[in-house]
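To start, the structure under review is shown below, and the notes come after it.
Just so it is clear, none of the values below were taken in a lab; they were calculated from the coordinates. No experiment lies behind these values; they were computed from the predicted model shown. Reconstructed Cβ throughout: ideal geometry from the backbone, glycine too, with neighbour counts over all protein chains shown.
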Amino acid sequence: MTESKTAKPRFIKPPNALKEKVGSGGIPAHLIEKAQIHINDNPVDYRPEGLESLKKIQTLLEEIESATVDRQIELLHILVEEVMQLKASGGMFQFQLVSMIADVLLDFLETVNTVNEDVLKIIHAHNTIVTMILSKGLKGDGGKTGSSLSRELFKACVRYYDKYETA
């Protein structure tokens, strides 16, 4: 098959079935404002959900403590997923401090490639802090108390890094 050197390429635009069904454009600002007013007027108590996530983390932690080395790493990956959920949902329900504390733990767990007593202590500290935040209903960033809690967990992670020369 030979083509002429003067033939121009032809561009074919495939149909976009999804766009045809739903249309194009964003959500009008007045609808977003209306939805936000509805959310603010009908608050959801996040604390039971947050405490349920902590129970799952605690159960995984107990399993990690008694597991074989290979199983510990596997369970640690599952625990990370649960902490990610806690981080995401905390911020969604105005518990930014829960998200901040979970973020500190996530950053720490990304550097851990073995499970030892100090790793377990840091995870326990995380659970204790988040339990306190939820039980006291510390919404937002928690002010000075929240900043202090986040900083102390971070310092514990730094001590771990210094001790084990990681990160």
I need to check one value: relative contact order of region 46-164, counting alpha carbon pairs closer than 8 Å and at least 6 residues apart, in percent. 29
To check my understanding: the extent here is largest minus smallest coordinate of the Cα atoms along each principal axis. What are those three numbers for region 46-164, in Å, largest first? 38, 30, 18
Fewest to most Cβ atoms within 10 Å: Tyr161, Tyr46 sort as Tyr161, Tyr46
Treating the beta-carbon of each Lys and Arg as +1 and of each Asp and Glu as -1, no other charges, what is the dipole magnitude of the chain about its Cα centre, to the nearest 20 debye? 980
Between Glu74 and Thr145, Cβ-based FRET efficiency (R0 35 Å, step 0.05) works out to 0.50
Straight-line reach from Lys13: which lysines have a Cα under 30 Å away, not including same-chain ones fewer than 8 places off? Lys5, Lys21
Between region 68-115 and region 134-156, how far is it from one alpha carbon centroid to the other, in angstrom? 16
Across Lys55/Lys87; Lys55/Lys139; Lys121/Lys163; Lys56/Lys87; Lys87/Lys139, pairs whose alpha-carbon gap is larger than 18 Å: Lys55/Lys139
Identify which of Leu106, Leu31, Leu54 has the largest mean-square fluctuation in a Gaussian network model of the chain, with springs joining Cα atoms closer than 10 Å. Leu31
Treat every Asp and Glu Cβ in region 56-147 as -1 and every Lys and Arg Cβ as +1, leave all other atoms uncharged, and give the resulting dipole magnitude about the Cα centre to the nearest 20 debye. 560
C-alpha long axis of helix 47-66 to longest principal axis of the chain, angle in °: 70
What range in the chain is the longest one free of GluC sites (Glu not before Pro) that are in a loop by DSSP and have at most 10 other Cβ atoms within 10 angstrom? 4-164
